[in-house]
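Derivation of every value follows stated rules applied to the coordinates shown; laboratory data play no part. The model shown is predicted, which means the values in this text are computed figures rather than measured ones. Because the Cβ atoms are built from the backbone with ideal geometry, glycine has one as well, and the counts that use them run over all protein chains shown.
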Amino acid sequence: MSESLRYSDAGVNIASWNKTKGRIAELVSSTYNGAVEGKFGQFGGMYDISALREMEAPVLVSSTDSVGTKVMIAFESGIRNTVGEDIVNHCVDDILVMGAKPLFFLDYIGIGKLVPETAEQIVEGLARACRANDCVLIGGETAEMPDIYSGEEFDLVGCIVGVADKNNIIDGSTIKPGDALIGLRSNGLHTNGYSLARKIVREVAQKSYSDIFEPTGKTFAQELLRPHRSYIQVHSLMKQKLIKGCAHITGGGFPDNVDRILPADCDALIDTKTWEADQIFTFLQKSGNVENMEMYRTFNMGMGMVLAVASEHVEEVIGSAALEQFNPVRIGSVKAGTGKVVMEF
């Protein structure tokens with residue numbers, strides 16, 4: 001008679017998940033507000049939307065994304081408590097550009113071997129960012145798949161749902177020649193360009209993630225894992241009708257994101273000399289011998305969000321207390337054109 005097999009013989013250990021559920025429940029519950037119905041551990045998350053009646057025409061806005069290959073640095077370096085912030089803040093910014101505020105967030109963790117401490121650290125980052133954005137971590141899934149991921153390798157994906165009043169949705173349609181473009185500083189690479197960054201650091205420059213990046217005194221791991229910023233404070237300016245368009249500088253950099261908000265008869269001129277890129281970008285460009293346009297198409301180069309603002313509101317926006325922490329800078333202008341982004345070096 002053949003030996004009786006268990007799920008753990010195939011590499012999936014349910015006991016490991018049961019060990020960590022208690023701590024995960026505490027972290028998730030710390031994000032709950034009065035709109036959450038039910039409790040942690042149910043088959044689905046429930047959110048009471050009756051408060052949306054206060055809006056004239058509430059529109060749900062959703063987005064989904066992953067942390068990308070930044071997670072490879074996280075598990076190779078052992079620093080796993082910040083990638084949760086990355087995915088939450090990235091998704092918050094993706095819906096913010098349309099004038100939406102987040103309601104709730106769901107995560108998916110696919111991992112080779114579920115170690116309770118690893119799951120805890122990832123969810124710790126998720127919960128911290130959700131609390132900071134007044135967003136409920138309403139549900140998630142952790143899947144142990146040893147045939148897909150090796151060892152403790154993992155992937156992290158998120159989905160967000162927010163709301164905007166239909167009359168206040170920001171789509172760039174009112175942008176016109178003469179408007180100004182204002183950049184908000186990023187916190188390093190955020191969540192894009194890591195396939196190239198990793199290749200340059202490890203293969204070209206032959207650095208390990210534990211080596212010190214001399215300009216900042218941090219290790220390369222600490223420098224590259226700086227969390228993606230949330231720009232949720234911009235929403236207060238949107239409510240004041242001060243923002244005409246908003247671009248989240250993610251994959252595709254400036255050319256492929258700013259053009260998403262441009263009317264067909266407008267061009268965006270961006271003067272890269274108006275700000276100084278973080279030293280990590282300088283290192284990557286020099287070490288990898290990367291051309292200027294490739295850098296600005298791959299990375300955010302120190303600017304994580306671009307706002308289109310009427311010229312008469314530039315000083316008010318740049319000087320607003322809401323944006324003080326982002327060191328806003330006028331980085332360009334809108335001209336008559338054909339919907340192109342023109343980079344000036």
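Straight-line cross-link reach from LYS335 at under 16 Å between alpha-carbon atoms covers these lysines, not counting any fewer than eight positions away in the same chain: LYS176, LYS244. Between the residues ALA205, MET72, LEU184, the greatest Cα displacement towards the positive end of the dipole of the chain, with unit charges on the Cβ of Lys, Arg, Asp and Glu, is found for LEU184. Taking 0.36 nm per residue of separation and subtracting the Cα-Cα distance, full extension of the segment from GLN206 to ALA132 would add 23.0 nm.
Between the amide H of ALA143 and those of ILE109, GLY110, ILE111, distances stay under 5 Å, these residues lying 5 or more places away or on another chain, with hydrogens modeled in the peptide plane.
A dipole drawn for the chain from +1 and -1 charges on Cβ atoms has a positive end, and of THR298, PHE105, VAL342 the residue lying farthest that way is VAL342. For the pair GLU214 and ASN167, the difference between a 0.36 nm per residue extended length and the Cα-Cα distance amounts to 12.0 nm. So for the pair ASN33, GLU312, with labels modelled 7 Å out along Cα→Cβ, what separation do we get in nm? Using points 7 Å along Cα→Cβ, the separation is 3.4 nm. Applying the Karplus relation 6.51 cos²θ - 1.76 cosθ + 1.60 with θ = phi - 60° to region 286-291 yields 3J(HN,Hα) values of 5, 5, x, 6, 8, 5 Hz, where x marks Gly and Pro. For THR298, what charge total do you get from the other residues with a beta carbon under 12 Å from its beta carbon, if Lys and Arg give +1 and Asp and Glu give -1? Here the charged neighbours net out to -1.
Of the residues PRO255, VAL234, ASN289, the one whose Cα sits farthest towards the positive end of the charge dipole of region 180-344 is VAL234 (charges of +1 on Lys and Arg Cβ, -1 on Asp and Glu Cβ, taken about the Cα centre). Seen against the Cα atoms of the chain and their longest principal axis, helix 83-96 is set at about 40 degrees. Net charge of the neighbourhood of SER186, taken over other residues with C-beta under 11 Å away and scored Lys/Arg +1, Asp/Glu -1, is +1. Note on the chain: with charges restricted to the Cβ of Lys and Arg (+1) and Asp and Glu (-1), its dipole about the Cα centre is near 260 debye. The alpha carbon convex hull volume per residue for the chain rounds to 157 Å³.
Does region 7-168 come out rounded, prolate or oblate, given a ≥ b ≥ c as the square roots of the eigenvalues of its C-alpha gyration tensor, rounded meaning a/c under 1.5 and, failing that, prolate meaning a/b above b/c? Since a/c reaches 1.5 and a/b is larger than b/c, the shape of region 7-168 is classed as prolate. Note on LYS113: aspartates and glutamates with a C-alpha under 15 Å away, same-chain residues under 8 apart excluded, are ASP9, GLU76, GLU141, GLU144, ASP147, GLU152, GLU153, ASP155. Compared with the dominant principal axis of the Cα atoms in the chain, helix 14-29 is inclined by about 40°.
Here region 308-328 is scanned for amide nitrogen atoms under 16 Å from the site 7 Å beyond the Cα of THR274 along Cα-to-Cβ, giving 308-320, 326-328.
Highest mean packing first, where packing is the average number of other Cβ atoms within 10 Å per residue, the peptides 280-291, 85-96, 181-192 line up as 85-96, 181-192, 280-291.
For region 180-344, the share of DSSP beta bridges that are antiparallel, to the nearest 5, is 85%.
For region 180-344, a simple Cβ point-charge model (Lys and Arg +1, Asp and Glu -1, everything else neutral) yields a dipole of about 400 debye relative to the Cα centre.
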